[in-house]
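> Pasting a structure here, questions to come.
The values are calculated or read from the model by the stated rules, or taken from the named source; none is laboratory data. Here the structure is a predicted model, which is why all the values come from computation and not from measurement. A quick note on method: Cβ atoms are made from the backbone with ideal geometry, for glycine too, and the neighbour counts reach across all protein chains shown. Calculation scope for accessible area: heavy atoms of the full protein, side chains included, ligands and nucleic acids excluded. Shrake-Rupley method; radii C 1.70, N 1.55, O 1.52, S 1.80 Å.
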Amino acid sequence: RHSADLFGVEESLNELTQLADTAGLMVVGSTYQKLVSPNSRTYIGSGKVAEIKSAIHALGVETVIFDDELSAGQLRNLEKAFGGDVRVCDRTALILDIFNQRAATHEAALQVALAQMEYQLPRLTKMWTHLERQSGGQVKGMGEKQIEVDKRILRTQIGVLKKELESVRKHRKQYRNQRLSVPVPVVSLVGYTNAGKSTLLNQLTGANVLAEDQLFATLDPTTRRVQMKNGKEFLLTDTVGFIQKLPTTVVAAFRATLEEISESSLLVHVVDISHPLAEQQIEAVDRVLSELDVSSIPRLMVWNKVDKVSNPDIIRLEAEKRDDVVCISALSGQGLNDFCGAIQEKLKDSMVWVEALIP
Ligand code: GDP
């Protein structure tokens, strides 16, 4: 990393570690370097390259992941410098890998494939320059030509995918409109990754959604029907978690997922209040939400994982002072009654709820 932004280098590397863990990799170490600007050839300086290279050999490392996006040239130069079969990738490629592993629906699979192709397009050089090297320069120029051909094929595939995605979205919109005509309010869970959204969904509905200590445990919006003690029902939707540095290619790929939020009756913002950077995470989520067309939708904030904080009483007092905040532990079930009560209260204000449920 070359700059310390909102979250700081170490926090960002922590998140990268969790992402790697989610992708099924075992992280053996991390390091960073302060530079005025990244090295154009290798992103990090030559001393750091040497340091990582010796760690690779000492620890038997197979993959080196960079927290910022690398250019095609940087990827190639780093792989060459590290030698052997060491794979070099960046945060974007890692996130796309995870999305690829987790894509559960046709739409998600299309979104991921599209994002992967768009990511590959400017990085296509690699394979063919390898080929040129292997042939001892015999096919010089061939590589260039082949890259052009490949890029054209890839662009055509991207076009086809975009059309297919558009048609899938249209159908989903129809489905959504039908669903809206059914008089049941939709409550969307939004929040930072690992905040505990799927755990909450599980607790409330007995739904079989993944809940692991992994980022992106839920990729696609998962909707469940929740019945409350008064017999009233609402649909609870889980959304993919926000992360601090969502690459633009990935943002585009998840537009449809985010679009879904704009049709909810209520947004429940789930916060991991035990996280040292909870405040910043709240801001990050709010920032993304403010970019979506959701300002008119009522909101409820949930401070989750109160079982994990060292000062639960102070946290509770703090929550009481503020409007629209409920403390819960999705894991132990603590506070879930209050949570349902708050939802009920919020939905009372919603015309959909009143008109729909008074026969
Ligand atoms: P999501 O990414 O927002 O869907 O988060 P998950 O529901 O997958 O939860 C992430 C991790 O936090 C999992 O290991 C959960 O077991 C854990 N977790 C969720 N809720 C709580 C809670 O209330 N207390 C504690 N201690 N852990 C929780």
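> Could you check how many residues of segment 284-302 are over 11 Å from PHE242 (Cβ atoms), open to solvent by 20 Å² or more (accessible area, probe 1.4 Å) and modelled with pLDDT under 90?
Result for segment 284-302: 6.
> Can you confirm whether segment 127-146 contains a residue that is aliphatic (A, V, I, L, M), part of a helix (DSSP H, G or I) and modelled with pLDDT of 75 or more?
No, segment 127-146 contains no residue that is aliphatic (A, V, I, L, M), part of a helix (DSSP H, G or I) and modelled with pLDDT of 75 or more.
> Could you go through segment 252-262 and let me know if any residue there is at pLDDT 75 or above and over 26 Å from SER12 (Cα atoms).
yes
> Any residue that is assigned to a loop (DSSP other than H, G, I, E, B), under 24 Å from LYS229 (Cβ atoms) and among the polar types (S, T, N, Q) - is there at least one of those in segment 308-331?
Scanning segment 308-331 turns up at least one residue that is assigned to a loop (DSSP other than H, G, I, E, B), under 24 Å from LYS229 (Cβ atoms) and among the polar types (S, T, N, Q).
> Go through (1) open to solvent by 30 Å² or more (accessible area, probe 1.4 Å); (2) assigned to a helix (DSSP H, G or I) one by one and return the number of the condition SER37 breaks.
All conditions pass for SER37, except number (2).
> Can I ask one more? How many residues does segment 72-113 hold that are in contact with a helix residue (DSSP H, G or I) (Cβ under 8 Å, 6 or more places away or on another chain) and polar (S, T, N, Q)?
Here the count works out to 3.
> Does segment 216-233 include one or more residues that are near the ligand (Cβ under 9 Å from one of its atoms), under 17 Å from the mean Cα position of the chain (by Cα), at pLDDT below 65 and open to solvent by 40 Å² or more (accessible area, probe 1.4 Å)?
no
> Here's something else I'd like to know. Within the group ARG169, ARG155, which residue is among the charged types (D, E, K, R) and at pLDDT below 80?
After ruling out the rest, the residue left standing is ARG169.
> Return the pair list, or none, for Cβ contacts closer than 6 Å from residues in segment 326-338 that are open to solvent by less than 20 Å² (accessible area, probe 1.4 Å) to residues that are among the polar types (S, T, N, Q) and near the ligand (Cβ under 10 Å from one of its atoms), at least 6 apart or on different chains.
ILE328/ASN304; ALA330/THR199; ALA330/GLN203; ALA330/ASN304
> Confirm whether VAL86 is more than 16 Å from ARG123 (Cβ to Cβ) and either touching a residue at least 40 places away in the same chain (Cβ under 8 Å) or surrounded by fewer than 14 Cβ atoms within 10 Å (Cβ to Cβ) (or both).
No, not satisfied.
> Among the residues of segment 193-205, which ones are open to solvent by 10 Å² or more (accessible area, probe 1.4 Å) and more than 6 Å from the ligand (Cβ to nearest atom)?
ASN202, GLN203, LEU204, THR205
> Among the residues of segment 325-335, is there at least one that is away from the ligand (no atom under 14 Å from the Cβ) and farther than 21 Å from GLN203 by Cα?
no
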